[in-house]
Amino acid sequence: MSAVVALTGLFDAQQIWRGRAAPVPAGEQPTGWAALDAVLPAGGWPAALSEILLPADGVGELQLVLPTLARLTQGARTVVVVAPPYVPCVAGWRQHGVDMRHVEIVHADSQDVLWAMEQCLRSASCAAVLAWPQQADDHALRRLQVAADSGHALAFVFRARRHLTQASPAALRLELEALPQTRVWVRKCRGGAVPAQPVALGRALH
Amino acid sequence: MLWACVLLPHLALDGVLRHRPDDGPLVLVAGSANARTLVAVNTAAREAGLRVGQRLIAAQALLAHFEVLPYDKAATERWQRFLAAVAYRYSSEVSLLPHALVLEISRSMGLFGPWPRLAAMLRVDFDALGFRQRIAVAPTAHAAWVLAGIGDGQAVLTNAALRPALQRVSVRKSHLPDAATEALPGMGIRTLGQLLSLPRDGLRRRFGTELLTVLDRLIGDQPAGLVAWRPPDTFDLRIELTHEVENLGALIFPLRRMTSDLAVYLAGRDGGVQRFVLQLEHRDRPPTAVVVGLLAPERDAGMLFELARGRLEQIRLPGPVLGMRLLARDLPPFVPAGRDLFDERPAHALPIEQLRERLRARLGDQAVYQLGSTTDPRPELAQTVAAGADATHERHPRPSWLFARPLPLRGAPPRILAGPERLETGWWDGGEVCRDYYVIETSLGQRAWAFCAPGEQSGWMLHGWFA
């Protein structure tokens, strides 16, 4: 079969137009983790929904976002924490530089978590919204994604790792790995290729 | 001095129509049972030939079906006071005259702009509330009242122009004492110009000093002698529904009107409301009270409505509702939130206070809070639900998640990363603790804040995650 043509030859002849993804605007919201910023297409968090998948609680999921929360609250922007699984420890958050006067904690039943998060995102008065929904299907996450888009807010959803197999409309999906060391796998990122290697997080105690 | 007069020719009817759709002929009647007379007719009734002053029997002969409501003097006066509160935002000197409000505006114009602009603002406000009005301005309150009575939009801005403007006004429309109004045309005195040129001495002998006082007030030779209206310190608005309402949906329309009236009243008073009560009145049982409490004083109409609606939708009606009453006693001063010129948030952003109220309306009063620290070293008591200033920086590692109560650690023995930090405290109130705190890593790779009895390193109790 002579129909087989080498791809490189075609590209060199410039007879083929190669589509590219729309360029992602450069990072306005750095994560505070230089290694992670380097692999993310926006150079930081997208102003959209980010999903963080955990093997268990207490593996560094807050450390991932605390530098961002510290930066936002020090700029007097509001951060809302919806239905946290434990009580945020004021002294601990403060050690990470978070100004607790700009952190609002919302207590919500499991069926109201998504509603509360959507309200916060749509209001456009919150810089970041963190939530721990118990049940969130594809449809609910899509609503959050749209709300985050319209409110220009950072939305973080923390879920168990078993949800990794389900498709998700989130703009960014990160999976945390605790052993043998704390590492972050980028499982999906809109506007760029998924990096093949995980990013190590150096976990300081405070 | 410059007085604006807002004449309210259809006050009673407009007040009734605010809480019901204006469809079909409707009349207000007054008088004794066997001589009922029409005192107000709406557009549909007027087109059918009904007139103010007609006997009810004559009207019934003209038109087969129309709605008849009694003229409620108390309600009409309440509306007039409510509108005085609206006008109060434009002047600190507002007085009530029959079917009219007068306000002193010579100083207000410095703030709100020249008369045409101020008049337009007044018209927008009254139109928005659904009250038809005629507006006039003159150097005296009574002259403004008289001018508003003969035509809308009359403006006499200087003292010199006042007499010429009043020359041609009929004495019938000059709000003179009744005896004079009846007698003067018989004497050939038909206009104010003729009356004002008569010698005062003769007028006093014939009509007494009352007429002279009225004329002096009209011209400005005597102060107006009006009692200045004072805004009340509570807001109390009650409406009667036209029929028994059994589902909450039908209460939304009157509720919107009531909350927007409250907002208008608050704006006029430059105050806010922090707590108000909606009372739903039933026939045989005590009213259902819906309490709407806010974190901070507010006065935005949309926000008040949304909050009241959120609270209202949560209740279950014990029976049909006959009337609604909105009662606000807490009217603290209101300080509008300042917005930073260089605010990064988008222009359509909902203020954080409103977001907080919206969340509280659905999730409960205690659902939205901030955490602050106390000076107590015990982890259970080191923080409290209150916005607090930044306290001292803790030198020892503290977790980011704290457990509501410590949990025993099961499974393989943990790896110790840091510690111990001994906490031996609380002896003063009986809640004494003596613990060694460590940072440990579990077999799953979780980092925890855990304690055990002093010097033991076993029997671990988890107290938080370094998440």
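The values are calculated or read from the model by the stated rules, or taken from the named source; none is laboratory data. These numbers come from a predicted model, not from an experiment. Every residue, glycine as well, gets a Cβ built from its backbone with ideal geometry; the counts of neighbours run over all protein chains shown.
Matching residues to (1) surrounded by fewer than 17 Cβ atoms within 10 Å (Cβ to Cβ); (2) more than 29 Å from B:GLY302 (Cα to Cα); (3) modelled with pLDDT of 85 or more; (4) β-branched (Val, Ile, Thr):
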residue	(1), (2), (3), (4)
B:ARG345	no, no, no, no
B:LEU359	no, no, yes, no
B:LEU363	no, no, yes, no
B:GLN366	yes, no, yes, no
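A quick yes/no check of all residues on (1) under 30 Å from A:PRO180 (Cα atoms); (2) out of contact with any Cys (no Cβ under 9 Å at 6 or more places or on another chain):
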{"residue": "A:SER50", "(1), (2)": "yes, yes"}
{"residue": "A:VAL82", "(1), (2)": "no, no"}
{"residue": "A:GLN111", "(1), (2)": "no, yes"}
{"residue": "A:ALA131", "(1), (2)": "yes, no"}
{"residue": "A:GLN134", "(1), (2)": "yes, yes"}
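Scanning the stretch B:1-40 for residues that are surrounded by 20 or more Cβ atoms within 10 Å (Cβ to Cβ), closer than 23 Å to B:MET324 by Cβ and touching a residue at least 40 places away in the same chain (Cβ under 8 Å) gives B:LEU11, B:ALA12, B:ASP14, B:GLY15, B:VAL16, B:LEU26, B:LEU28. The condition of being under 30 Å from B:THR442 (Cβ atoms) and out of contact with any helix residue (DSSP H, G or I) (no Cβ under 8 Å at 6 or more places or on another chain) holds for only one of A:ALA131, A:ALA196, that being A:ALA196. Restricting the first member to the stretch B:151-178 and to residues that are modelled with pLDDT under 90, and the second to residues that are of a type in the set (Lys, Arg), the beta-carbon pairs closer than 7 Å and six or more apart or on different chains are B:ASP152/B:ARG134; B:VAL171/B:ARG190. The number of residues in the stretch A:177-197 that are assigned to a loop (DSSP other than H, G, I, E, B) and more than 14 Å from chain B (Cβ to nearest Cβ) comes to 8.
Would you check if B:GLU394 is outside the structural domain of B:ALA448 (by TED's automatic domain parsing) and among the charged types (D, E, K, R)? Quick ask: steps written out before the conclusion?
Details: outside the structural domain of B:ALA448 (by TED's automatic domain parsing): yes; among the charged types (D, E, K, R): yes.
Considered against the rule, which asks whether it is outside the structural domain of B:ALA448 (by TED's automatic domain parsing) and among the charged types (D, E, K, R), B:GLU394 comes out as yes.
B:PRO114 meets all of the listed conditions (1) free of Cβ contacts under 8 Å to residues at least 12 places away in the same chain; (2) surrounded by 14 or more Cβ atoms within 10 Å (Cβ to Cβ) but one, namely (2). Looking for something within 14 Å of another protein chain (Cβ to nearest Cβ), more than 25 Å from A:GLU28 (Cβ to Cβ), in contact (Cβ under 8 Å) with a residue 24 or more places away in the chain and surrounded by fewer than 18 Cβ atoms within 10 Å (Cβ to Cβ) - is there at least one such residue anywhere in the stretch A:154-176? For the stretch A:154-176, residues within 14 Å of another protein chain (Cβ to nearest Cβ), more than 25 Å from A:GLU28 (Cβ to Cβ), in contact (Cβ under 8 Å) with a residue 24 or more places away in the chain and surrounded by fewer than 18 Cβ atoms within 10 Å (Cβ to Cβ): present. The set of residues from the stretch B:423-453 being in contact (Cβ under 8 Å) with a residue 12 or more places away in the chain and not in a strand (DSSP E or B) comprises B:GLY426, B:GLY431, B:THR442, B:SER443, B:GLN446, B:ALA453. A single member of A:ALA147, A:ALA136, A:ALA127 is closer than 28 Å to B:THR374 by Cα, more than 7 Å from chain B (Cβ to nearest Cβ) and crowded, with 21+ Cβ neighbours inside 10 Å, and it is A:ALA127. Out of the stretch A:30-42, which residues are surrounded by fewer than 19 Cβ atoms within 10 Å (Cβ to Cβ) and in a loop (DSSP other than H, G, I, E, B)? Across the stretch A:30-42, the qualifying residue is only A:PRO30.
I'm trying to understand the selection: among the residues of the stretch A:108-124, which are assigned to a helix (DSSP H, G or I) and at the interface with chain B (Cβ under 7 Å from one of its Cβ atoms)? Steps first, answer last, please.
Initially, the stretch A:108-124 is screened for residues assigned to a helix (DSSP H, G or I), giving A:113-123.
Residues satisfying the conditions are A:ALA116, A:GLN119, A:CYS120, A:SER123.
Might you let me know whether the stretch B:201-219 holds any residue that is touching a helix residue (DSSP H, G or I) at 6+ places or on another chain (Cβ under 8 Å), closer than 28 Å to B:VAL86 by Cα and part of a loop (DSSP other than H, G, I, E, B)? No: zero hits.
Could you identify the single residue in B:PRO397, B:PRO377 that is in contact with a strand residue (DSSP E or B) (Cβ under 7 Å, 6 or more places away or on another chain), part of a loop (DSSP other than H, G, I, E, B) and either facing chain A (nearest Cβ under 9 Å) or at pLDDT below 80 (or both)? It would help to see each step written out before you state the result.
Details: B:PRO377 fails: either facing chain A (nearest Cβ under 9 Å) or at pLDDT below 80 (or both).
Criteria check complete, one pass: B:PRO397.
Filtered by the rule that a residue be of a type in the set (D, E, K, R) and either away from chain A (no Cβ under 14 Å) or buried (at least 23 other Cβ atoms within 10 Å of the Cβ) (or both), the stretch B:434-467 gives B:ARG435, B:ASP436, B:ARG447, B:GLU456.
Screening the stretch A:54-81 for residues that are touching a residue at least 40 places away in the same chain (Cβ under 8 Å) and over 23 Å from B:TYR369 (Cα atoms) and picking the one that is surrounded by the most Cβ atoms within 10 Å (Cβ to Cβ) gives A:VAL59.
Does A:GLU51 satisfy being in contact with a helix residue (DSSP H, G or I) (Cβ under 8 Å, 6 or more places away or on another chain), of a type in the set (Asp, Glu), in contact (Cβ under 8 Å) with a residue 60 or more places away in the chain and on the phi < 0 side of the Ramachandran plot? Walk me through how you get there before you give the answer.
Working: in contact with a helix residue (DSSP H, G or I) (Cβ under 8 Å, 6 or more places away or on another chain): yes; of a type in the set (Asp, Glu): yes; in contact (Cβ under 8 Å) with a residue 60 or more places away in the chain: yes; on the phi < 0 side of the Ramachandran plot: yes.
It is true that A:GLU51 is in contact with a helix residue (DSSP H, G or I) (Cβ under 8 Å, 6 or more places away or on another chain), of a type in the set (Asp, Glu), in contact (Cβ under 8 Å) with a residue 60 or more places away in the chain and on the phi < 0 side of the Ramachandran plot.
If you filter the stretch B:227-254 down to residues that are part of a strand (DSSP E or B), of a type outside the set (Asp, Glu) and within 16 Å of the chain's Cα centre (by Cα), you find that the one that is surrounded by the most Cβ atoms within 10 Å (Cβ to Cβ) is B:PHE235.
For the stretch A:48-60, the set of residues classified as at pLDDT below 90 and away from chain B (no Cβ under 11 Å) consists of A:ALA48 only. Among all residue pairs at least 6 apart or on different chains, which show Cβ distances below 6 Å where the first residue, located in the stretch B:211-230, is among the basic types (Lys, Arg) and the second is not in a loop (DSSP other than H, G, I, E, B)? Pairs that qualify, where the first residue is among the basic types (Lys, Arg) and the partner is not in a loop (DSSP other than H, G, I, E, B), are B:ARG217/B:HIS142.
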